[in-house]
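Only one structure is covered here, and it is reproduced in the block below.
Any read-out appearing in this document is the output of simple, stated calculations on the displayed coordinates, not a laboratory observation. In this text, all values refer to a predicted model and were calculated from it rather than measured experimentally. Positions of Cβ are generated from backbone atoms using ideal geometry, with glycine treated the same way; all protein chains shown enter the neighbour counts.
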Amino acid sequence: MKRRDFLLRTGGVCAGIALVPTLSCSRSKENKTFVLPKLGFAFDALEPNIDARTMEIHYTKHHAGYVKKLNAALEKHPLRGEIIVDICRKVTGKVADVAVLNNGGGHYNHSLFWEILQPNGAKAPAGKLAKQIDKDFGSFENFTKEFAQAAATVFGSGWAWLVVDAKGKLFVTSTQNQENPLMKNVVSKVGLPILGIDVWEHAYYLHYQNRRKEYIANFMNLINWDVVAAKFLNAIAQH
Ligand code: MN
């Protein structure tokens, strides 16, 4: 497969072998089941912004739970054998798909989340991504405000995203529960996510309790903009 075809097929998240970790690709080759991807850092590496206990429970209980339930849901489902990006793209909100939607989204979303975190994230993106942010949001500061606002205003559980649309333009959106912008049959604003923040209470409640805004502000210090920029380049390489 040519690299470009590979990028098209994988939608960027599993792409960029040399550029970014391939967490979302984690799948057993033998039986096509998904496995929990390895974390690129220790549970306590994000302290004090994200505490070690939250990280440990989030990864070993919540994400592991989505992987286990996704494999169970796919056992007799038509999407069995597809890569996670395609599962997200094809899944519907129909009753027969609900377990795949919830747990497939849970696996994809958390895999992306771990990838874009690092202990000492750059303060701002550089290169082509920085230029595109300026173009689409006016400034990095404006982007930060819009992203934080989207995360703060998710009612209940969900995610906020920075997304690349089909024309290579960036936008911010939010989704409910474990939905994501790949899910064209489920959400209204569709594209390829390159950055996401988990605003389920399980992501922050132990340390922050009800102070979601404080968690969001501190999350901004943890973003690995090199990884996000690599995902952006992969996304626009598809156009
Ligand atoms: Mn979570």
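Inverting the mean 1/r over all pairs of different Cα atoms, compute the Kirkwood radius of the chain and quote it in Å.
17.9
Over all directions, what mean area does the Cα convex hull of segment 187-237 project, stated in square nanometres?
Working: hull surface 18.6 nm².
Average of the hull's projected areas for segment 187-237 equals 4.6 nm².
Name the lysines eligible as straight-distance cross-link partners of K131: C-alpha to C-alpha under 23 Å, and not fewer than 8 places from it in the same chain.
Leaving aside lysines fewer than 8 places away in the same chain, those within reach of K131 are K123, K145, K167, K169, K189, K231.
Given all pairs of different Cα atoms, what value in angstroms does the Kirkwood hydrodynamic radius of segment 29-79 take?
Taking the inverse mean of 1/r over all distinct Cα pairs, segment 29-79 comes out at 12.5 Å.
Report the one residue of L79, F113, Y215 whose Cα lies farthest in the direction of the positive end of the charge dipole of the chain (charges on C-beta: Lys and Arg +1, Asp and Glu -1; origin at the Cα centre).
So the residue furthest toward the plus end is L79.
Any lysines with Cα under 18 Å of the K32 Cα? List them, leaving off those in the same chain fewer than 8 positions away.
Output for K32: K68, K69, K76, K90.
How large is Rg/Rh for segment 62-109, to two decimals, with Cα atoms and a Kirkwood Rh?
0.90
Kirkwood Rh over Cα pairs of segment 97-185 into Stokes-Einstein at 10 °C, 1.306 mPa s: D in µm²/s?
In µm²/s, the coefficient is 111.
Any idea what the dipole of the chain comes to, in debye rounded to 20, about its Cα centre with Lys/Arg Cβ at +1 and Asp/Glu Cβ at -1?
780
Using θ = phi - 60° and the Karplus relation 6.51 cos²θ - 1.76 cosθ + 1.60, list the HN-Hα couplings for segment 44-51 in order, rounded to whole Hz, with x at every Gly or Pro.
Each residue of segment 44-51 in turn: 8, 5, 9, 4, x, 5, 10, 6 Hz.
Ranking M220, M183 by Cβ neighbours within 10 Å, fewest first, what do you get?
With the sparsest Cβ surroundings first, the list reads M220, M183.
Report ³J(HN,Hα) in whole Hz for each residue of segment 70-82, in order, from the Karplus equation J = 6.51 cos²θ - 1.76 cosθ + 1.60 where θ = phi - 60°; Gly and Pro get x.
With coefficients 6.51, -1.76 and 1.60, one gets 5, 4, 5, 5, 7, 3, 10, 10, x, 7, 4, x, 7 Hz.
Could you list which residues have their amide H under 5 Å from that of Q238, counting only those 5 or more apart in sequence or on another chain, with H placed in the peptide plane?
Amide H neighbours of Q238: none.
Any idea what the relative contact order of segment 69-136 is, in percent, if you count C-alpha pairs under 8 Å spaced at least 6 apart?
Reported as a whole number, the value is 29 percent.
Near K184, which aspartates and glutamates are there with a Cα under 19 Å away, not counting those fewer than 8 places off in the same chain?
E82, D86, D97, D165
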